[in-house]
Amino acid sequence: MRAAPEAQAECTNECLFGERVTNVGQTSDVLNLQKPQTNLVNGPVIDSKNWLWVSAERDGYTGFIDRAHVQAVQSSTPKATHRVAQRSTLLFSHPSIKSQVLNRLPFLSHITATDEQSTPFVKLATGGFIWSQHLMDIDSKVQSTAVELAKSHFLGAPYLWGGCTPEGLDCSGLIQALAAAKGMSIPRDSHDQENALTHTIKPGSQRAQDIVYWPGHTGILVDSDNLLHATAHSLSCVIEPLDKVVSRAGSITSFKRLFSC
């Protein structure tokens, strides 16, 4: 999802395979509304008919998506039945590990399974096959703690502005993905998350799994003194002493409790 209807525009969010988006208006109308914004001007005017202005069903976040990357669905189209439970899984052309790989689907991607089972593979309504043990039911929650999940699925992932998967993510994308895996929906950006999370913890009372916020940054505590976060400082998802992050990012604005131990 991009800030403007062109491939070189800033990535602001990432919509995963199988997630639904809604076309919220004509692209030309959006361009008129946003015309004063300089980030829409970058060289020659791009033919906007190839872009859709959409709202993500996951969190209501809006932006532009290349029309080629979306597929229209009808009201009768079944919704997703499963999510990817691994860091990533492969979509095969046939129920065989030797068949062509069509795509690599990251953690939490949505898939709609057909009734036709090809054990140990699941056949997708959109085509292709996924190893069944790499999936969880759409309404299931990851049983490991948020910190365990962050370590197993995201630690070491590259930093990617606007990203939200183990293939690349930013600080708020990490927290949103952890929440989604535990069955919770929270906003995309760190300042919106901070405002939305109402359980504030007094400094000194923080513990493992609490969320830490700064202006424009966030991370999750692995214990009271160490933070796991996706940081542009090292362009990766790392664990660092909390006081070291404070020395770079400045004063903490809040500790929030979202996950129970």
Considering the range 135-149 alone, what residues qualify as being free of Cβ contacts under 8 Å to residues at least 60 places away in the same chain and either crowded, with 17+ Cβ neighbours inside 10 Å or closer than 19 Å to residue 124 by Cα (or both)? 135, 136, 137, 138, 139, 140, 142, 149
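Let's see how each residue does on (1) under 22 Å from the mean Cα position of the chain (by Cα); (2) β-branched (Val, Ile, Thr):
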| position | (1), (2) |
| --- | --- |
| 86 | yes, no |
| 113 | yes, no |
| 125 | no, no |
| 134 | yes, no |
| 138 | yes, yes |
Of the residues in the range 78-102, those that are in a loop (DSSP other than H, G, I, E, B) and either of a type in the set (A, V, I, L, M) or in contact with a helix residue (DSSP H, G or I) (Cβ under 9 Å, 6 or more places away or on another chain) (or both) number 5
Assuming residue 196 fulfils every condition listed in (1) closer than 21 Å to residue 108 by Cβ; (2) in contact (Cβ under 8 Å) with a residue 12 or more places away in the chain apart from one, which condition is it? (2)
Over the range 54-77, the set of residues part of a loop (DSSP other than H, G, I, E, B), open to solvent by 80 Å² or more (accessible area, probe 1.4 Å) and closer than 18 Å to residue 105 by Cβ is 57, 71
Give just the number: which of (1) within 18 Å of residue 177 (Cα to Cα); (2) part of a strand (DSSP E or B) does residue 114 not satisfy? (1)
Residue 120, sole failed condition from (1) surrounded by 20 or more Cβ atoms within 10 Å (Cβ to Cβ); (2) farther than 15 Å from residue 85 by Cα; (3) of a type outside the set (Ser, Thr, Tyr): (1)
Quick check on this structure: which one of 144, 88 is in contact with an Asp or Glu (Cβ under 9 Å, 6 or more places away or on another chain) and within 25 Å of residue 183 (Cβ to Cβ)? 88
Report yes if some residue within the range 167-182 is of a type in the set (Ser, Thr, Tyr) and open to solvent by 40 Å² or more (accessible area, probe 1.4 Å); otherwise report no. no
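The values are calculated or read from the model by the stated rules, or taken from the named source; none is laboratory data. Owing to the predicted nature of the structure, the values given are computational and were not obtained by experimental measurement. Neighbour counts run over all protein chains shown; Cβ positions are idealised from the backbone, glycine included. Surface accessibility is based on the protein's heavy atoms, side chains included, excluding ligands, DNA and RNA. Shrake-Rupley method; radii C 1.70, N 1.55, O 1.52, S 1.80 Å.
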